[in-house]
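Following: one structure in structure tokens, then a few remarks.
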Amino acid sequence: MLVGVCDFPGSYAFPPAGYGGIERWLWAVAVGARAAGADVHLLGPGWLPELEAEWVRKPIRLEDVTAGSLAERDLEAAGYDLLIVGHEYPSLPAWVRTWSQLDCDVATFQHSPVFQHTESAFDGKLSRLYCYSPEMIERYAAHQPIPELAVHLGLNEEEPPAAKGRDLVWLGRVHEEKAPHLAVRAAQILGRRIRIVGPVFNEDYVRSHEKIFSADNVEWVGELGGPAKTAAIRDASVFVYTYERTYVEAGAAVFGESLRAGTPMAALTWREGTCAHAALCERTGVTTVVPPDADDETASQALAEAIERATVLDHSEVQAVGQHRFAPTRHFEAMAAR
């Protein structure tokens, strides 16, 4: 099987050094495809040039190809069986025009809870859409979505054997949509230290919760990538997951990242059927559902209880389950199967 993994214009490299969810997902699919025995072409100029030493890198994007051009003939001659692409592209006419000439499947994962696809973007066979959670399946029901847990990888993020860990960790983009202040407050309730890992996307949000974020139990780490990112997760006793009440998580990377590292999770949700419910089980984490009309203190109290329950989970078992459920090879094989 020949698989083309397509990049897209953006501010992050492929794969990114730290934050960058869709970019990390595309890299995970490429790694999984190769591990499954497929030949892989990295399509697009965004892929790191140094990858050419070990990968076939073709700096061309389908949406830039003109009909009848040499570039189009080269793509046709390659004989792709499957293209993996960001979720917008099966609804982009210029991209679809070129893809229609290649006689191959296309698969994508829905990483946005609001993007509107064209009516003809997916047929469930040649063109397939994958969604993480029951609530995402429901949102995109018109496009025949297939349930699947997304896997994300960065360069040099191989996980060493699990360790018991200490303190708590929260990882992601620091923004009101992700609500890390609830994780910090839950840690305060327990008298626990917590590390905040990730880039600040909204300074106003941080200032609005300055008293919580500047507390003595909080360590601001900033954005990490590679071994440092893996170590920040592995060295924690519990990974604390939060988001704000109306936000819909489309395909969170952190579940796979934490479980593969062997760190159990305590997740705060506001309804059933979320990514946390799809990703976690009683062996890997604790998910608490709080009514959305509850105040922040009530939510933080419930999250604190979930953290305490997650603390007793076995890190080695968490890692064994995580590395099976969030294996790049398994993920690719699921997406490659009609």
Looking only at aspartates and glutamates whose Cα falls under 15 Å of residue 58's and that sit 8 or more positions away or on another chain, we get 7, 39, 50, 72, 74, 76
Run the numbers for residue 283 and residue 202: contour at 0.36 nm per residue of separation, minus the present Cα-Cα distance, in nm. 25.7 nm
Taking 0.36 nm per residue of separation and subtracting the Cα-Cα distance, what length does fully extending residue 94 through residue 48 add? 14.1 nm
At 7 Å along the Cα-to-beta-carbon direction for both residue 333 and residue 114, put a label point, then send me their distance in nm to one decimal. 3.8 nm
Considering the Cα positions of segment 168-322, please state its Rg to one decimal place and its Dmax as a whole number of Å. 14.0, 40
Taking 7 Å along the Cα-to-C-beta vector as the label spot, tell me the residue 64-residue 235 distance in nanometres, rounded to one decimal. 4.1 nm
Largest first, please: the extent of the C-alpha atoms of the chain along each principal axis, to the nearest Å. 65, 40, 36
Per residue Cα convex hull volume in Å³ - calculated over segment 2-155: 112 Å³
Can you give the FRET efficiency for residue 228 and residue 125, using 1/(1 + (r/R0)^6), R0 = 35 Å, r = Cβ-Cβ distance, to the nearest 0.05? 0.25
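Laboratory data are not the source of any read-out in this text; all were calculated from the coordinates shown. Everything quoted here is computed from the prediction, not taken from an experiment. FYI the Cβ positions are ideal-geometry reconstructions off the backbone, even for glycines, and counts take in every protein chain you see.
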